[in-house]
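Below: one structure, written as structure tokens.
The values are calculated or read from the model by the stated rules, or taken from the named source; none is laboratory data. Just so it is clear, the model here is predicted, and its values are computed rather than measured. Glycine gets a Cβ as well: all are built from the backbone with ideal geometry, and neighbour counts include every protein chain shown.
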Amino acid sequence: MIRSTYLVTMRDYLGYVSAWGFWLGLLFTPLILGIFILAPTLAQNAQPTRYFAVIEAGDTFTNALSEQMTESVSVTARAMLDPIAIAQNQDSEKLAAYDEARANGATVEEAFAQAGGFPDMLPRQDFVQVDAPVSNSADLAPYITGATLVDTIEGPQPLFAAFVVNEESGEIEYWSENLQAQALMSFARQAERELQLDRALATVNVDRSILNDARAARRDVTQQRVRTGEDADTETEVTQADQAPFVVSIMMAFSLWFLIFSVINYLLMGTIEERSNKIFDSLLTSVKLPHLLAGKLLAVLLLSLTLVGFWSVGSGVVTWFARDMISADVAQFFGAVFTAAANPALFVPAIISFVLGYLMYGSLFLALGSLCDTIQEAQTLMTPLFVTLMAPLAMLAFAIQDAESALIEIMAWVPVFTPFLLILRMPTEPPIWEVLAQLGLMALTTFVILHLATRVYRAGAVHGAGVNDVWAFFGKLVPGKKSAA
Amino acid sequence: MGEDLPLKMTGVSKWFGNFQAVRDLDFDVPKGSIVGFLGPNGAGKSTSLRMALGVLSPDRGDVSLLGAPPNLESLKYVGFLPEERGLYKKMSPRQIITYFARLKGMSSRDAKARADELLDMMGLGEFARSRVTKLSKGMAQKVQILSALAHRPSFLILDEPFSGLDPVNQQALEDLIIEEHKRGATIVFSTHVMEHAERLCEKIVMMARGRKVFDGTLDEAFAALGRAVHIGVAEGFDLAAALEPSGFEALQEGDHWRVSLKQAQSSQDALRATLDAGAPITSFTPQEARLRDVFVSLVSEAEAQDLTDTLAADAAEGREAA
């Protein structure tokens, strides 16, 4: 078995890796992922600066609006400086340095640089105020429509929008030909809220700083947990090390899902090629059917591991070169993640789930591929499997909110979901009998699915059964005839 | 038994749903022989060969391949060319031949050397490293044939090996079969082109409608049909009546008479008897028996028998229903 399975594995594997598509996927997946991550910033930077004007008797609203827009950039700058501290509401040296610089009158860019950030990474401001070209709304039309340009630091440019503040009527009008972009209007609304708050405080002779101090003095709510056994003497406050197992379990479950989802195409195409090229008879006089299936599953698993390995090494290399840019907090977080991943209570059930889940879904796709001559035919059979595969992805969203959700607990008993959901449950330390029972049920289901998949594969490969025979075949799943192959 | 009869099928039947593809097939292949497995399309030849290899299992009966039921160990000594041709399109001929030879147990080095040797022998050396998609249909078929015999099998089963080949390549394949036979291989090939069987086979098995209708040597096949002469005579002359006293049977077939020759009778005897009977002869053509005639005759009989059986079964069903 080992020799023939090895030969099938190597032929299929080398066939996959010698295809251009594999290398394109290998190289472009991280690139596309990177683009997705950077897309918002890139899109924002690609957007041309939009100019607006404020027509106002004084400058009260103008100043409030400017302050609001600066505050927005400042929030972004703080989030970029230390995202983990912001997310976990923790103290941070970088944030403290930034706040101190701002308090001393530094601009956002200057404070960002002083706190260790690279100002070029800050998103560019979308909106820039220019002097109002007219003094009332009646004369605005040629500027708003773009017929007449306004003077800007970039030279003459169209006016994107204009605010007209009418103190008598108490209205603020927003003029723009772009009816969809709401960002500038949101800034204006927020600015107006703050402005009215200041005015209300002034009428009762309360300084704004009192309100700001009150806000700053709010007490933080810290998350605590009970420590027992060896950890009884350690701090009860929840740390990154406590949260890391949940992060790891989500990453592992998603990796399994991504692995299965990304190799479907290879499993299908490999089998469809052999069916449409009519190679089965030649193969089946040289290899036993289970050995052939094992070889094919191993080849695609090897391919997946090649992908994962390449990306992991790539990430490692990038991280190494960018090590100076990684803050101590982030490094500490990654350390906690690696420590959690190395815990046998997490990785042993994860590896078992990983293997059984791959066998379960992989054999199903192989079997379906053996019934199809074209990928179009295969697609007609794929829908139920895709729907089944989408359910665990939705469960991941629940797990991020609450890994102990009753929904996940119940769904983990459904064997086709167990490979993903048991991993998610492991950080919640479920009873050992539940873990063992779910693993056993999953193993049994995998065995049954492998058995059925082999029969379907035999029907497709040997008897030439097709898509139309699928339901008829399932109707005949009773002990039947066997062949020597 | 496996030593003398590399393949023996006994009482083998196969159904696909309600359709019986093979009916009580008995035949064997003597060691060192070339056996032609003949029959029209749909006769059950490929199904029988797939059962011989264990790709399909019979619903009834026994198959012995190299002395045992078909298994991967015995299949290591068997080379098989399936009816449905197929190759991995992204691989080169050298890679494909090497792959199948290794699956049959050859080492990597030996398999590669053998692939090079066979490709050179068949004039495909310059295409050894090209993708299969670059090859013509005939070349691709040669590659598949080479894959079947790369591991030097002692028993070759070729299902319709001549199908799709041009006359030049058909001749090349005949030569290759003869070479393999000289090497000591036992060979079974199926075909519905009788000329190949006539030139190559020592023994033939004919099938029609899932049944074996003949199993024997070429001479026995010709004997089964019988020899004859075709004699043309002037219109209105009754040759059957004229030859009856001399012991010849004549049957009118269109514009001529077919005169059957019995064991001891020659065409010369028939001509002499016709002249003696005073027949006004317009033509005289001795008929050499061809395998095609034997085939058509036996298949027609089988189809007629099949029709009779069907009608009888229907009648029996009708009686039961009544």
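Observations
- Pairs where the first residue, in the stretch A:141-155, is closer than 20 Å to A:Gln125 by Cα and the second is among the hydrophobic types (A, V, I, L, M, F, W, C) and surrounded by 15 or more Cβ atoms within 10 Å (Cβ to Cβ), C-beta under 6 Å, 6+ apart: A:Val150/A:Val130; A:Val150/A:Leu159; A:Thr152/A:Val130
- Just one of the listed residues (A:Ala113, A:Ala46, A:Ala39) is surrounded by 14 or more Cβ atoms within 10 Å (Cβ to Cβ) and of a type in the set (A, V, I, L, M, F, W, C), namely A:Ala113.
- Every residue from the stretch A:396-421 that is touching a residue at least 60 places away in the same chain (Cβ under 8 Å) and either crowded, with 16+ Cβ neighbours inside 10 Å or outside any helix (DSSP H, G or I) (or both): A:Leu396, A:Ala399, A:Ala403, A:Thr418, A:Pro419, A:Phe420, A:Leu421
The rows are residues; the columns are (1) within 14 Å of another protein chain (Cβ to nearest Cβ); (2) closer than 17 Å to A:Thr9 by Cα; (3) among the aliphatic types (A, V, I, L, M).
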position: B:Ala111; (1), (2), (3): yes, no, yes
position: B:Leu124; (1), (2), (3): no, no, yes
position: B:Ser130; (1), (2), (3): no, no, no
position: B:Val143; (1), (2), (3): yes, no, yes
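- Looking across the stretch A:422-439, the residues that are under 27 Å from the mean Cα position of the chain (by Cα) and part of a helix (DSSP H, G or I) come down to A:Leu422, A:Ile423, A:Leu424, A:Arg425, A:Met426, A:Pro427, A:Thr428.
- Pair list, Cβ under 8 Å, 6 or more apart: the stretch B:171-187 residue closer than 13 Å to B:Leu149 by Cβ, other residue of a type in the set (Ser, Thr, Tyr): B:Gly184/B:Ser154; B:Ala185/B:Ser154; B:Thr186/B:Ser33; B:Thr186/B:Ser154; B:Ile187/B:Ser33
- The condition (being within 22 Å of A:Phe333 (Cβ to Cβ) and away from chain B (no Cβ under 14 Å)) is satisfied by just one residue among A:Pro30, A:Pro48, A:Pro40: A:Pro30.
- Residues located in the stretch B:255-291, provided they are surrounded by 14 or more Cβ atoms within 10 Å (Cβ to Cβ) and outside any strand (DSSP E or B): B:Gln265, B:Ser267, B:Asp269, B:Ala270, B:Leu271, B:Ala273, B:Thr274, B:Ala277, B:Ala279, B:Ala289, B:Arg290, B:Leu291
- Filtered residue count, the stretch B:175-187, keeping only those that are of a type in the set (Asp, Glu) and either in contact with a Ser or Thr (Cβ under 8 Å, 6 or more places away or on another chain) or buried (at least 17 other Cβ atoms within 10 Å of the Cβ) (or both): 1
- Options B:Gly86, B:Gly79, B:Gly138, B:Gly123: the member that is of a type in the set (Gly, Ala, Ser) and touching an Asp or Glu at 6+ places or on another chain (Cβ under 7 Å): B:Gly138
- Each residue in the stretch A:138-180 was checked for being under 43 Å from the mean Cα position of the chain (by Cα), surrounded by 14 or more Cβ atoms within 10 Å (Cβ to Cβ) and assigned to a loop (DSSP other than H, G, I, E, B), and 2 of them qualify.
- Counting only strands (runs of 3 or more DSSP E) that sit wholly inside the stretch B:202-253, those with at least 2 residues that are within 29 Å of the chain's Cα centre (by Cα) and over 19 Å from B:Phe284 (Cβ atoms) are B:203-208, B:211-217.
- Single residue of the stretch B:79-92 satisfying the filter (facing chain A (nearest Cβ under 7 Å) and touching a Pro at 6+ places or on another chain (Cβ under 9 Å)) that is nearest to B:Leu7 (Cα to Cα): B:Phe80
- Odd one out for B:Met1 among (1) within 11 Å of chain A (Cβ to nearest Cβ); (2) at pLDDT below 90: (1)
- Any hit, the stretch A:351-358, residues being among the hydroxyl-bearing types (Ser, Thr, Tyr), under 25 Å from A:Phe246 (Cα atoms) and buried (at least 19 other Cβ atoms within 10 Å of the Cβ): yes
- Applying the condition of being without any contact (Cβ under 8 Å) to a residue 12 or more places away in the chain and part of a helix (DSSP H, G or I) to the stretch A:214-242 and asking which residue is farthest from A:Phe338 (Cα to Cα) yields A:Ala214.
- Count of the stretch B:56-78 residues, restricted to those that are within 8 Å of chain A (Cβ to nearest Cβ) and crowded, with 24+ Cβ neighbours inside 10 Å, is 4.
- Boolean, A:Gln68 is away from every other protein chain (no Cβ under 14 Å), farther than 30 Å from A:Tyr174 by Cβ and of a type in the set (S, T, N, Q): no
- Where B:Ala148 falls short, out of the listed (1) farther than 22 Å from B:Thr98 by Cβ; (2) not in a loop (DSSP other than H, G, I, E, B): (1)
- Residue that is farthest from A:Pro290 (Cα to Cα) [pool: residues in the stretch A:434-468 that are buried (at least 17 other Cβ atoms within 10 Å of the Cβ) and either within 14 Å of chain B (Cβ to nearest Cβ) or charged (D, E, K, R) (or both)]: A:Ala465
- Considering the stretch A:5-31, the residues that are within 19 Å of A:Val313 (Cβ to Cβ) and among the aliphatic types (A, V, I, L, M) include one that is surrounded by the most Cβ atoms within 10 Å (Cβ to Cβ), namely A:Leu26.
- Restricting the first member to the stretch A:8-23 and to residues that are within 12 Å of chain B (Cβ to nearest Cβ), and the second to residues that are crowded, with 20+ Cβ neighbours inside 10 Å and assigned to a loop (DSSP other than H, G, I, E, B), the beta-carbon pairs closer than 7 Å and six or more apart or on different chains are A:Val8/A:Val287.
- Check on B:Phe295, buried (at least 17 other Cβ atoms within 10 Å of the Cβ) and assigned to a helix (DSSP H, G or I): yes
- Among the residues of the stretch B:76-94, the ones that are among the charged types (D, E, K, R) and under 19 Å from B:Pro153 (Cβ atoms) come to 3 in all.
- Scanning the stretch B:10-55 for residues that are among the polar types (S, T, N, Q) and within 14 Å of chain A (Cβ to nearest Cβ) turns up B:Ser13, B:Asn18, B:Ser46, B:Thr47, B:Ser48.
- On inspection, A:Gly316 qualifies as away from every other protein chain (no Cβ under 14 Å) and among the small types (Gly, Ala, Ser).
- Of the criteria (1) in a helix (DSSP H, G or I); (2) under 17 Å from B:Phe37 (Cβ atoms); (3) out of contact with any strand residue (DSSP E or B) (no Cβ under 7 Å at 6 or more places or on another chain), which one B:Glu180 fails: (3)
- As a summary of the residue check, A:Phe61 satisfies the conditions (1) out of contact with any strand residue (DSSP E or B) (no Cβ under 7 Å at 6 or more places or on another chain); (2) at pLDDT 90 or above except for the one numbered (1).
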